[in-house]
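**Q** The structure follows.
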Ligand code: AMP
């Protein structure tokens, strides 16, 4: 298999921009990120972030807006998400592009947790907002901000459809044996305790993109996707359908991440509660914010980790080894589940940029038909193959474009298009 040049690939999304661009909103607990996206080619027409929303005291919010190659940065009072969105809309008017000129077709909202309710994008109405709100117990840090973002955006941009795109939706197709925890089934059922998976938009996009760039049908490929950003997750995708993923009830399970532990024995929690006197909130903070690469080395950015390793820092070297060891275990496990691996695709900040991580994960996996070619692995660029010609499995780097994927899902939800037919026709 080899990469089909872009000019020779049919673009199944060529009609998606007929009605205009999509404003994609990602509301975090204290931030709002936005991007105005062309759903055909995927370029961000304009993008911005508003951070430190609702900070106590005199702290100001930090606002950035990028358009036409120019980045504007300023401070502002941003007490809540409503004000954040008003500021963003003001920047479109002031700096550009004016949304009336850009022709917004829809607003896409990234929603973290769709529970077992949502297996695809949905056009938002009052009932959908209520249902997303009812899932707050599953995602207490994320869904409230998502709901607030949707409410405010519907108020301020009432003329266009709003679409909710869920991080969990792709993984609603997981088989029961992959999403079921082996705990008392009545307790699990009463409290919706099961694996949901996250980063689904990215895993789905990358698995589809792999097929497109290779000129193959996604139905014919067995792919392991490694989404390695500050959060990190792996998935095994068989014929376009996920059969396992590393994140669970929440994004804490699985791989070692920037600040999250990933898999630990759950008894670590009981042990620390009993012996360190830590309460639930402290344990939550420990495992989500003070663990992972940060907890082991003091830094969570892989560029800083590399500098520490090069300076001989032993904690940093161990953090790297623990990170890679966990990844290798998942690659091996997913190879076993898939039976045959056609492609291992690295994506997101670390996966796309850190050649040392890719090399270390694939080192010693020749027996599984997985290897990287040092020269190809060191090269930079867009979608690329980094394995040597002799391997049975391709190792690829495929940049993820979550905003583009959200924008396309918006078009599909509004136009009632089948995403599968769109992805596989190319
Ligand atoms: P993401 O969550 O996908 O935006 O990824 C963010 C993470 O990617 C950062 O915390 C870094 O660890 C990593 N990263 C970004 N750029 C590079 C780079 N050039 N080399 C290595 N790691 C990088």
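Bear in mind these aren't lab numbers, they're just calculated from the coordinates by the rules spelled out. Here the structure is a predicted model, which is why all the values come from computation and not from measurement. Positions of Cβ are generated from backbone atoms using ideal geometry, with glycine treated the same way; all protein chains shown enter the neighbour counts.
**Q** Spin-label point model (7 Å from Cα, Cβ direction): what's the residue 321 to residue 336 distance in nm?
**A** So the two model labels end up 2.4 nm from each other.
**Q** Calculate, in nm to one decimal, what residue 9 and residue 417 gain on full extension: separation in residues at 0.36 nm each, minus their alpha carbon distance.
**A** Difference between extended and current length: 144.8 nm.
**Q** What does the C-alpha gyration tensor say about the overall shape of region 219-368? Classify as rounded when a/c is under 1.5, otherwise prolate if a/b is larger than b/c, or oblate.
**A** oblate
**Q** Let me ask something else about it. Compute the distance from the alpha-carbon center of region 59-138 to that of region 398-413, in whole Å.
**A** So the two Cα centres are separated by 15 Å.
**Q** OK, next. Testing the spin-label approximation: label points 7 Å from Cα along Cα→Cβ at residue 64 and residue 379. State their distance in nm.
**A** 3.0 nm
**Q** Further question: First check a/c for the chain, with a ≥ b ≥ c the square roots of the eigenvalues of its C-alpha gyration tensor; if it is under 1.5, answer rounded, and if not, answer prolate when a/b is larger than b/c or oblate otherwise.
**A** Rounded is the answer for the chain, as its axis ratio a/c remains below 1.5.
**Q** Then there is this: Using helices alone, what [θ] at 222 nm do you get for the chain, with -39,500 (n - 2.57) per DSSP H run of 4 or more residues, divided over all residues and rounded to the nearest 500?
**A** -11000 deg cm²/dmol
**Q** I'd like to compare 357-365, 273-281, 340-348: which one has the highest average count of other Cβ atoms within 10 Å, and what's the full order after that?
**A** Order by mean packing, descending: 340-348, 357-365, 273-281.
**Q** What Kirkwood radius, in Å to one decimal, follows from the Cα pairs of region 207-298?
**A** For region 207-298, inverting the mean 1/r across all distinct Cα pairs yields 14.9 Å.
**Q** Between residue 264 and residue 241, how high is the FRET efficiency from 1/(1 + (r/R0)^6) when r is the Cβ-Cβ distance and R₀ = 35 Å? Nearest 0.05.
**A** 0.75
**Q** Could you identify which residue out of 294, 135, 157 has the top mean-square fluctuation in a GNM of the chain using Cα springs shorter than 10 Å?
**A** Checking each option, the largest mean-square fluctuation is seen for 157.
**Q** Using alpha-carbon positions, what is the distance between the centroids of region 151-195 and region 262-309, in Å?
**A** 26 Å
**Q** Modelling each spin label as a point 7 Å along the Cα-to-Cβ direction, I'd like the residue 177/residue 271 distance in nm, to one decimal.
**A** Going from the residue 177 label point to the residue 271 one covers 3.1 nm.
**Q** Let me ask something additional. Quick one: order 19, 416 by neighbouring beta-carbon count within 10 Å, fewest to most.
**A** If I rank by nearby Cβ atoms, fewest first, I get 416, 19.
**Q** Further, regarding this structure: For region 333-367 and region 11-40, what is the separation of their Cα centres, given in Å?
**A** Comparing the Cα centres of region 333-367 and region 11-40, I get a distance of 29 Å.
**Q** What is the gain in length, in nm to one decimal, between residue 310 and residue 30 on full extension, counting 0.36 nm per residue of separation less the C-alpha to C-alpha distance?
**A** 97.3 nm
**Q** If neighbour count is taken as other Cβ atoms inside 10 Å, put 329, 33 in order from fewest to most.
**A** 329, 33
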